[in-house]
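Student: Structure provided below as structure tokens; questions to follow.
The values are calculated or read from the model by the stated rules, or taken from the named source; none is laboratory data. Every value quoted in this text rests on a predicted model; they were computed, and no experiment measured them. All Cβ positions, even for glycine, are placed from backbone atoms using ideal geometry, and neighbour counts span all protein chains on display.
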Amino acid sequence: MPFDFDTSETATLVMRGVAGVLVVELAGMAFLLFVSHNRAGAGALLISAAMTIYFGRLFLAQLEGSAGRISSDEVTVERARVLGLPLAGEDGRFAIRRFTAVRVERMPPPVNVQGGPHERVRLIGGDGTPDILIARTQRGAGVTLGRELAADLKLAFEEVSAPY
């Protein structure tokens, strides 16, 4: 103790990718409008950009990302931001006594893409206290981290298999 965490890397990468696609679409739309004078092509890219914005907003609302510090008596957490927009997650300071467990969620490997099973480690909040994602791990490292953290914080340890 203390344990510093930052779970924003994956969400930040996804949102930067969305922003990159949007920039390419908008640049293409400007080229088609002002250089090629192709209104139909610009309109198609406008529709594509609108879809990118729509899905980007969905991703932003669902992807968790935060950073903070866990000490023996409290958790301080701050929601991550990408391009000034806040990711899903929590902000604040919470006493350790407000948490009931450390949970490791075992995630199955992705289907038809490269990658293996991985885990999410969370502090599980009691009444009125949010659950806080504190780590994303691979190959069983989350179980080790979760057990050690639960022992250090004197919290229950839970291990669950999470469905897709």
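Student: Tell me the residue from ALA49, ALA42, ALA19, ALA61 that is in a helix (DSSP H, G or I), closer than 30 Å to GLU119 by Cβ and touching a Leu at 6+ places or on another chain (Cβ under 8 Å), please.
Tutor: ALA19
Student: Looking at VAL75, is it hydrophobic (A, V, I, L, M, F, W, C), at pLDDT 85 or above and within 17 Å of the chain's Cα centre (by Cα)?
Tutor: No.
Student: Would you tally the residues in the stretch 3-30 being surrounded by 14 or more Cβ atoms within 10 Å (Cβ to Cβ) and closer than 24 Å to ASP73 by Cβ?
Tutor: 4
Student: Separate question: Going by what's in this entry, would ALA67 be described as touching a residue at least 24 places away in the same chain (Cβ under 8 Å), farther than 30 Å from GLY28 by Cα, in contact with a strand residue (DSSP E or B) (Cβ under 7 Å, 6 or more places away or on another chain) and not assigned by TED's automatic domain parsing to the domain that holds ALA151? Give the derivation first.
Tutor: On the way: touching a residue at least 24 places away in the same chain (Cβ under 8 Å): yes; farther than 30 Å from GLY28 by Cα: yes; in contact with a strand residue (DSSP E or B) (Cβ under 7 Å, 6 or more places away or on another chain): yes; not assigned by TED's automatic domain parsing to the domain that holds ALA151: yes.
Criteria met by ALA67.
Student: In the stretch 75-102, what count of residues is obtained for those that are buried (at least 16 other Cβ atoms within 10 Å of the Cβ), in a strand (DSSP E or B) and not aromatic (Phe, Trp, Tyr)?
Tutor: 9
Student: Kindly list, by first and then second residue, each pair from a residue in the stretch 147-158 that is over 15 Å from ARG98 (Cβ atoms) to a residue that is assigned to a loop (DSSP other than H, G, I, E, B) and not charged (D, E, K, R), limited to pairs with Cβ atoms under 6 Å and residues at least 6 apart or on different chains.
Tutor: Matching pairs, first to second residue: ASP152/MET1.
Student: State which residue is nearest to ARG122 (Cα to Cα) when the search covers only the stretch 45-103 and only residues that are of a type in the set (Asp, Glu) and touching a Lys or Arg at 6+ places or on another chain (Cβ under 7 Å). Reasoning before the result, please.
Tutor: Of the stretch 45-103, the ones of a type in the set (Asp, Glu) are 64, 73-74, 78, 90-91.
Of the ones still in play, those that are also touching a Lys or Arg at 6+ places or on another chain (Cβ under 7 Å) are 74, 90-91.
Details: GLU74: 15, GLU90: 12, ASP91: 15 Å.
Of everything passing the filter in the stretch 45-103, GLU90 is nearest to ARG122 (Cα to Cα).
Student: Give ARG103, ARG97 a once-over and let me know the one that is within 30 Å of GLY128 (Cβ to Cβ), out of contact with any strand residue (DSSP E or B) (no Cβ under 7 Å at 6 or more places or on another chain), at pLDDT 90 or above and assigned by TED's automatic domain parsing to the domain that holds ALA156.
Tutor: Values: ARG103 fails: out of contact with any strand residue (DSSP E or B) (no Cβ under 7 Å at 6 or more places or on another chain).
The match here is ARG97.
Student: So is SER66 under 30 Å from PHE94 (Cβ atoms), at pLDDT 90 or above and polar (S, T, N, Q) or not? Give the steps one after another, and end with the answer.
Tutor: Details: under 30 Å from PHE94 (Cβ atoms): yes; at pLDDT 90 or above: no; polar (S, T, N, Q): yes.
So SER66 does not fit the description; no.
Student: Which condition does PRO130 not pass, out of (1) surrounded by 12 or more Cβ atoms within 10 Å (Cβ to Cβ); (2) in a strand (DSSP E or B), if it passes all the others?
Tutor: It fails just one condition, (2).
Student: Which of the numbered conditions does LEU87 fail, given that it passes all the others? Conditions: (1) touching a strand residue (DSSP E or B) at 6+ places or on another chain (Cβ under 7 Å); (2) touching a residue at least 40 places away in the same chain (Cβ under 8 Å); (3) more than 27 Å from GLY17 (Cβ to Cβ).
Tutor: Failed condition: (3).
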